[in-house]
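S.K.: First the structure, which I've put down as C-alpha cells, then a few questions once you've had a look.
The values are calculated or read from the model by the stated rules, or taken from the named source; none is laboratory data. These figures come from a predicted structure and were not determined experimentally. Counting neighbours? That spans all protein chains shown, and the Cβs are built from the backbone with ideal geometry, glycine included. Remember, those area values only see protein heavy atoms, side chains included, never the ligands or the DNA or RNA. Shrake-Rupley method; radii C 1.70, N 1.55, O 1.52, S 1.80 Å.
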Amino acid sequence: MILRKKPTVRQNNHKTVAVLNAGVVMFVCAALMTAAPIADQEANVDGIDHSVKAGDDFYRYANGGWLHSAVIPAGHDKYDNRMIMAKTAAERVRGLLHEAASSHSAKGTITQKVGDYYASVMDEATIEAKGLTPLADEMGAVAAISDKRSLSSYIGSTLNSEVEGLISNADHVFGVWINQGFEDSDHNLPHLWQGGLGLPDRDLYLDSSPKMADLRAKYQAHVAAVLRVAGLTDCDSRAATVLSLETKIAHAFAPDSDAAEVSKQNNPWKRADFAIKAPGMDWQAFFESAGLGRQSDFIVWQPSAVTGVSKLVQSEALEEWKDYLRFHLIEHYGVVLPKSAATGGLASSTTANPGEPLMTGRDDTAIAATSGALGPAVGQLYAQRYFPPEAKTKAQAMAQDLITAWGARISKLSWMSAQTKDKALAKLAAFEVGIGYPDQWIDYSTLDIVRGDAFGNMRRAEAFIRQRNLAQLERPVDPIEWPINPQTPGAVIMFSPNAEFFSAALLQPPYFDGNGDSASNYGSAGAGMAHEIGHSFDELGNIYDAHGRLHGWWTAEDRARFKSAAAKLAIQLDAYCPLPDMCIKGQQVLGESINDLAGLLVAHDAYVLSLKGRPDVVIGGLSGEQRFFLSFARRWRKIQTETSLRTQITTDTHPPGEYRADTVRNVDAWYGVYKAEPRDKLYLKPEDRVRIW
Ligand SMILES: [Zn+2]
C-alpha cells in the first residue's frame with residue numbers, strides 16, 4: 001500500500017482526472033489497486049518447481065513454472081497478478097456493456113440506462129451531426145459573464161461533486177467531496193479541494209526543464225486548437241493566456257508534500273471566513289450556484305489554492321477567465337462532442353499520463369465514459385454476474401475471521417500498553433468492512449438516460465451525482481458509503497470514517513475464488529485484506545479513533561516499543577539484493593513489510609479459526625496449510641524489466657514480490673509445513689524471526 005504523494009492520473013469519462021491523494025483520510029492501496037488493463041495474455045502454467053527446495057527459495061518453489069513461461073506483454077515493463085485481474089475485470093465490463101446496449105431493455109431499468117449511455121457515446125454519427133449545438137447554452141453562459149459576480153457564480157456552478165471520493169475532476173476550479181469532518185464524526189461536511197489545471201500535476205507548470213517546457217508548448221497548441229474549433233479567433237494568443245492563468249493557479253496549489261500531512265488539510269472554515277481569508281471571489285454567488293448557499297461549515301484542504309484562485313478572480317481580466325472556462329468546458333464534455341472538439345484536431349491529448357497507455361478505440365472511450373458517469377450502476381450489473389451472493393457470504397466470513405484474529409493478536413501484543421490495547425480493540429469493534437459491493441444500490445430512478453442523447457445523458461448523470469452527494473450534507477454520516485466501484489479491482493482504506501472496502505473485482509481469481517479452495521483464499525486475498533486492516537491500527541491509522549476522528553491513541557512509549565520491535569525487520573530487508581549493485585532499502589519498505597508479516601500471521605490464524613478444529617482436506621497432494629502458504633507466495637509472482645525493478649527499488653514503499661513472498665521465513669508455522677531446516681537458505685533461528693504484531 002502506498003500513500004500517493006503525487007496525484008496520479010487516469011482516463012475517466014474521457015478526460016484527464018486526478019486521483020487525489022486523499023491525504024491520511026483515505027488510501028488507495030497500490031498493492032491492490034490495479035494498473036491499466038493489458039493486451040491479450042493469459043495466466044500461464046501454475047506448476048510448483050520441484051527442483052527448488054521450499055526452504056531455500058520459497059518464491060521460486062511456488063512460482064517456478066509460471067516464472068519460466070510468463071512473458072511481459074508488449075508495451076509494458078512488468079507483468080503480475082494485478083494486471084491479470086485488471087484485464088479480467090475490463091473484459092467483463094466490456095462484455096456487460098455490449099450486452100446491455102444490444103438488449104434494448106425496458107425503460108427505467110439499470111440495464112437500459114447503462115446500455116443506452118454506452119450506445120449513445122458509441123453513436124459517433126449522431127454526435128458529429130449535432131456538432132457543438134448541445135453546448136450552446138453553456139457557451140452562452142460563459143459569454144454572458146460580465147462582472148466578478150457572474151464569474152463567481154459560473155465557477156460555483158462547475159463545482160462538481162465527486163463520483164468516487166478518490167476522484168477530483170482536474171478541469172474544474174475546486175472539487176468538493178462530502179465526508180465527515182476530521183474532528184466531527186456526526187456531520188457530513190463539504191471538503192473543498194484544489195482543481196482547475198489541465199495538465200495532471202502542479203509541477204508540470206513550475207518545472208523549468210526543457211522536457212516540461214516542451215510538454216507545456218504541446219499543451220498550449222492543444223488549447224489553441226480547441227478554442228479554434230469553438231469558432232474563436234486569435235486562438236494562439238488566447239491559448240497563451242489560458243496557460244498563463246493555469247500557471248498562476250498552479251503557483252497557488254499546495255505542494256504535493258503537503259498531502260502527507262493531515263494537519264495541513266484539516267482547515268475548518270466558516271462560510272464567513274471565505275470573504276475575509278480569500279478575498280476576490282464573490283463567495284455568496286459562488287456558493288449559491290454551487291448548491292451550498294445554506295452551508296455554514298467547510299473543510300478547506302488547501303487554503304493557498306482557495307486564497308490564490310480567489311485573488312485571480314479579482315486580478316485577471318474577465319476575457320482571460322472566459323477563454324479558460326470555454327476551453328475547459330469543451331474539454332469536460334469532449335467525449336460527447338464531435339471528434340474535432342475533443343482533440344482540437346490534434347492526434348492525441350497531451351494530458352495523458354505518460355506512464356499509462358492511451359486508450360485506443362471508441363469502444364474503450366465509451367466504456368470509460370459509462371463507467372465514469374454510471375459506475376455504481378455498471379457495478380450492479382458486474383456484481384450480479386460475477387460476484388454471486390455465495391461468494392460475498394464466503395468473503396464476509398473470511399473478513400470476520402480476520403477481524404477476530406486481529407483482535408486476538410492485539411490482545412497479546414507486548415509492545416502495546418493495556419490502555420492502548422483497549423482503544424485498538426474499540427476501534428476494531430467499530431470497524432466496518434465492505435465486501436464486493438454495497439448492501440444498498442443507488443436508486444437511479446430519477447435519472448433519465450436517452451439513447452442518442454450522449455451530451456444530455458452526461459449532463460443529467462453529472463447533475464444526478466451532484467444532487468445525490470449534496471443531499472448527504474443533510475444526512476447522518478454513513479460509514480458504509482462505498483468509495484470504490486465493484487468492477488474496479490482494488491481496496492480502499494478509509495480512516496475517516498473507520499472502514500475499508502474490497503471490491504468484487506478484487507475478490508476474484510487468482511486472489512479469491514468463491515467456488516475455490518478456502519486455504520488458498522485465506523493465503524492470498526485473506527493475507528492481503530489482513531495487511532490492509534492492519535493499516536488502520538499501525539503507524540498510519542493510529543491517529544484516527546474508532547469514529548474516524550483525528551485523535552491519536554498510541555502513546556510515546558507504544559511508538560518507541562513498536563519501532564524497536566520493527567528494527568530487526570529493516571535489517572533483514574537490507575540484506576536482500578535483487579541486483580548485484582542494488583539492495584533493498586529496509587527503512588523505505590519497512591511500513592509495508594511490517595503489514596505483510598502481520599497480514600500473513602493474521603490470515604494464518606484466521607484460516608485455522610475457519611477450520612473450527614476440523615482437519616482440512618488434502619488437494620493435489622497438498623495439505624490445507626501447504627496450500628495456504630503456497631497461495632501467499634503465488635500472490636507475489638511478477639516479472640519485470642531491469643529498469644522497472646530498479647525504479648521499484650528506488651521509489652516504491654513495497655519490496656519486489658520475491659521478498660514479500662519470503663515473509664514466510666518469519667512465521668513459525670511455515671517451518672513445520674514446508675519442513676524448512678537450519679541448512680536452508682531462508683531458515684531463521686526462532687530467536688531471529690521478527691515478531692511485531
Ligand atoms: Zn499496505
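S.K.: With a ≥ b ≥ c the root eigenvalues of the C-alpha gyration tensor of the stretch 587-626, is it rounded (a/c under 1.5), prolate (a/b larger than b/c) or oblate?
M.R.: oblate
S.K.: For Thr641 and Glu99, compute 0.36 nm times the residue count separating them, minus their Cα-Cα distance, and round to one decimal in nm.
M.R.: Details: separation 542, 0.36 × 542 = 195.12 nm, distance 3.78 nm.
Once the chain is fully extended between Thr641 and Glu99, it gains 191.3 nm.
S.K.: Follow-up question, since we're still on this one. In terms of modelled amide H atoms, which long-range or inter-chain residues lie less than 5 Å from the amide H of Gly548?
M.R.: Asn498
S.K.: Evaluate E = 1/(1 + (r/R0)^6) for Ala125 and Ser564, where r is the Cβ-Cβ distance and R0 equals 45 Å; express this FRET efficiency to the nearest 0.05.
M.R.: E(calc), rounded to 0.05, equals 0.10.
S.K.: Using the basic label-point model (7 angstrom from Cα toward the beta carbon), what is the Arg362 to Asp668 distance in nanometres?
M.R.: Going by the 7 Å Cα→Cβ label model, 6.5 nm.
S.K.: Which residues does the label zone of Ser208 cover in the stretch 233-263, counting backbone N under 20 Å from a point 7 Å along Cα→Cβ?
M.R.: 243-253, 255-256
S.K.: Does the stretch 515-605 come out rounded, prolate or oblate by the C-alpha gyration tensor, with a ≥ b ≥ c the root eigenvalues, rounded set by a/c under 1.5 and, if not, prolate when a/b is larger than b/c and oblate if not?
M.R.: Taking the square roots of the gyration eigenvalues as a ≥ b ≥ c, the stretch 515-605 is oblate.
S.K.: Let me ask something else about it. Cα centroids of the stretch 108-142 and the stretch 327-342: how far apart, whole angstrom?
M.R.: Between the Cα centre of the stretch 108-142 and that of the stretch 327-342, the gap is 11 Å.
S.K.: In nm, give the distance between the simple-model label positions of Val617 and Ser411, each being 7 Å from the Cα along the Cα-to-Cβ direction.
M.R.: Roughly 3.2 nm, to one decimal.
S.K.: How far, in degrees from 0 to 90, does helix 586-611 lean away from the longest principal axis of the Cα atoms of the chain, to the nearest 10?
M.R.: Compared with the principal axis, the helix lies near 70 degrees.
S.K.: Now a separate question. Local charge sum around Gly672 (other residues, Cβ-Cβ under 14 Å, Lys/Arg +1, Asp/Glu -1)?
M.R.: In short, -1.
S.K.: Determine which aspartates and glutamates satisfy two conditions relative to Lys53: a Cα distance under 16 Å, and not lying fewer than 8 residues away in the same chain.
M.R.: Leaving aside aspartates and glutamates fewer than 8 places away in the same chain, those within reach of Lys53 are Glu658, Asp662, Glu677, Asp680.
S.K.: For helix 556-574, what angle does its Cα long axis make with the longest principal axis of the chain, in degrees from 0 to 90 and rounded to 10?
M.R.: Orientation of helix 556-574: about 80 degrees from the principal axis.
S.K.: If you don't mind, another one. Using the heavy atoms of the protein chains alone and a 1.4 angstrom probe, what is the accessible area of the stretch 114-231 per residue in square angstrom?
M.R.: It amounts to 34 Å² per residue over the stretch 114-231.
S.K.: I've got another one for you. Place the peptides 66-74, 533-541 in order of packing, highest mean first, counting for every residue the other Cβ atoms within 10 Å and averaging per peptide.
M.R.: Highest to lowest by the protection proxy: 533-541, 66-74.
S.K.: Let me ask something else. Loop-only check: which GluC sites (Glu not before Pro) in the stretch 415-497 are DSSP coil with at most 13 other Cβ within 10 angstrom?
M.R.: Sparse-neighbourhood loop GluC sites (Glu not before Pro): none present.
S.K.: Compute the FRET efficiency between Glu320 and Lys675 as 1/(1 + (r/R0)^6), taking r as their Cβ-Cβ distance and R0 = 41 Å, and round to the nearest 0.05.
M.R.: 0.05
S.K.: Hey, another quick one. Quick one: which residues, 5 or more positions from Gln180 or on another chain, have an amide H under 5 Å from its amide H? H modelled 1.01 Å from N in the peptide plane, none for Pro or chain starts.
M.R.: Leu189
S.K.: Let me ask something else. Suppose every K and R has +1 on its Cβ and every D and E has -1 on its Cβ; what is the size of the dipole of the chain about the Cα centre, in Debye to the nearest 20?
M.R.: Charge dipole of the chain: 600 debye, to the nearest 20.
S.K.: So in the chain, what percent of DSSP beta bridges are antiparallel if you round to the nearest 5?
M.R.: Of those bridges, close to 80 percent are antiparallel.
S.K.: Charges at C-beta only: +1 for Lys and Arg, -1 for Asp and Glu. How large is the resulting dipole of the stretch 47-182 about its Cα centre, in Debye rounded to 20?
M.R.: On the way: 12 positive and 17 negative charges, 49 e Å.
Dipole magnitude for the stretch 47-182 comes out near 240 debye.
S.K.: State whether the stretch 108-245 is rounded, prolate or oblate according to the following rule on the C-alpha gyration tensor (a ≥ b ≥ c being the square roots of its eigenvalues): a/c under 1.5 gives rounded; otherwise a/b larger than b/c gives prolate, and the remaining case gives oblate.
M.R.: oblate
S.K.: Report ³J(HN,Hα) in whole Hz for each residue of the stretch 431-438, in order, from the Karplus equation J = 6.51 cos²θ - 1.76 cosθ + 1.60 where θ = phi - 60°; Gly and Pro get x.
M.R.: For the stretch 431-438, the Karplus curve yields 5, 9, 10, x, 10, x, 7, x Hz.
S.K.: Additional query: Based solely on C-alpha atoms, express the radius of gyration and the Dmax of the chain in angstrom.
M.R.: My reading of the Cα-based Rg and Dmax gives 25.9, 81 Å.
S.K.: Given a 1.4 Å probe and every protein chain left where it sits, what share in percent of the accessible area of the chain is carbon and sulfur?
M.R.: 54
S.K.: Next up: Please give the helix 454-471 orientation as an angle from the longest Cα principal axis of the chain, in degrees from 0 to 90, rounded to the nearest 10.
M.R.: That works out to roughly 70 degrees.
S.K.: Continuing with this model, one more query. Could you give the length gained on full extension between Lys270 and Gln587, defined as 0.36 nm per residue of separation minus the Cα-Cα distance, in nm?
M.R.: Result for the pair: 110.0 nm of gain on full extension.
S.K.: Here's another thing I want to ask about it. So what is the relative contact order of the chain, in percent, for Cα pairs below 8 Å that sit 6 or more residues apart?
M.R.: Relative contact order here is 20 percent.
S.K.: Using the beta-carbon distance between Leu684 and Asp77 and R0 = 22 Å, what value does 1/(1 + (r/R0)^6) give for FRET efficiency, to the nearest 0.05?
M.R.: The computed FRET efficiency comes out at 0.10.
S.K.: Given the pairs Lys563/Lys585; Lys568/Lys675; Lys248/Lys277; Lys423/Lys563; Lys218/Lys264; Lys248/Lys311, which are separated by over 22 angstrom at their Cα positions?
M.R.: Lys568/Lys675; Lys218/Lys264
S.K.: So how far, in whole Å, is the C-alpha centre of the stretch 556-603 from the one of the stretch 451-527?
M.R.: 31
S.K.: Okay, next question. Suppose all protein chains stay in the model; what accessible area per residue would a 1.4 Å probe give for the stretch 253-304, in Å²?
M.R.: Working: 2270 Å² over 52 residues.
That works out to 44 Å² for each residue.
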